[in-house]
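Student: Structure incoming, see below.
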């Protein structure tokens, strides 16, 4: 099953793209809840390039690497990637004073669709807040 999450970000496409693809930014927004964080991120942004984000509970009780390979990059428009046997696409759709970011991904069998959609939506909402606050500073 495919799941979709979206966020409207009040920033330019350049600001949104940079924050989504830069490791120094990713570690600041990539978490679904306040008790988790991303401790490190790597990005080799290009077709066939690898990415990885180390996501950990802040209390140190658990963590995992969210990692995969980029399968298609269209600069400032689209990122497609594979992670394990799953795939995802991220679209960046600029509008007046905002960019719609849409992520569509393959679900997995361990967690409910609602849990997966909620977690990915929370991360994307954190991303939007981060970009908007960063650009106001």
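Student: Within segment 79-137, can you find the residues that are touching a helix residue (DSSP H, G or I) at 6+ places or on another chain (Cβ under 8 Å), over 18 Å from residue 3 (Cβ atoms) and surrounded by 15 or more Cβ atoms within 10 Å (Cβ to Cβ)?
Tutor: Result: 92, 94, 99, 130, 131, 134.
Student: Sticking with this structure for a sec: Give all pairs with beta carbons closer than 7 Å in which a residue from segment 6-18 that is closer than 19 Å to residue 43 by Cα meets a residue that is at pLDDT below 95 and surrounded by fewer than 17 Cβ atoms within 10 Å (Cβ to Cβ); count only pairs at least 6 apart in sequence or on separate chains.
Tutor: Qualifying pairs under 7 Å: 15/135.
Student: Which count do you get for residues in segment 70-85 that are within 21 Å of residue 16 (Cα to Cα) and either assigned to a strand (DSSP E or B) or in contact (Cβ under 8 Å) with a residue 24 or more places away in the chain (or both)?
Tutor: Count: 11.
Student: Another question about this same structure. On the basis of being in contact with a strand residue (DSSP E or B) (Cβ under 8 Å, 6 or more places away or on another chain), over 20 Å from residue 134 (Cβ atoms) and not in a loop (DSSP other than H, G, I, E, B), does residue 88 make the cut?
Tutor: Spelling it out, residue 88 is indeed in contact with a strand residue (DSSP E or B) (Cβ under 8 Å, 6 or more places away or on another chain), over 20 Å from residue 134 (Cβ atoms) and not in a loop (DSSP other than H, G, I, E, B).
Student: Of all residues in segment 100-137, which are in contact (Cβ under 8 Å) with a residue 40 or more places away in the chain and more than 17 Å from the chain's Cα centre (by Cα)?
Tutor: Of everything in segment 100-137, those that are in contact (Cβ under 8 Å) with a residue 40 or more places away in the chain and more than 17 Å from the chain's Cα centre (by Cα) turn out to be 113, 135.
Student: Something else about it: Residues of segment 56-99 being under 12 Å from the mean Cα position of the chain (by Cα) and over 14 Å from residue 14 (Cα atoms), which ones?
Tutor: Within segment 56-99, 66, 67, 79, 80, 81, 88, 89, 90 qualify.
Student: Restricting attention to segment 103-112, does a residue exist that is assigned to a strand (DSSP E or B) and modelled with pLDDT under 95?
Tutor: no
Student: Give the residue, chosen from 54, 40, that is surrounded by 14 or more Cβ atoms within 10 Å (Cβ to Cβ), at pLDDT 95 or above and not in a loop (DSSP other than H, G, I, E, B).
Tutor: Among 54, 40, only 54 is surrounded by 14 or more Cβ atoms within 10 Å (Cβ to Cβ), at pLDDT 95 or above and not in a loop (DSSP other than H, G, I, E, B).
Student: For residue 44, indicate whether it is farther than 24 Å from residue 8 by Cα and more than 13 Å from the chain's Cα centre (by Cα).
Tutor: Taking the combined requirement at face value, the residue satisfies it.
The values are calculated or read from the model by the stated rules, or taken from the named source; none is laboratory data. On a predicted model such as this, the values are computed, not experimentally measured, just so you know. When we count neighbours, we look across all protein chains shown, and the Cβ atoms used for this are built from the backbone with ideal geometry, even at glycine.
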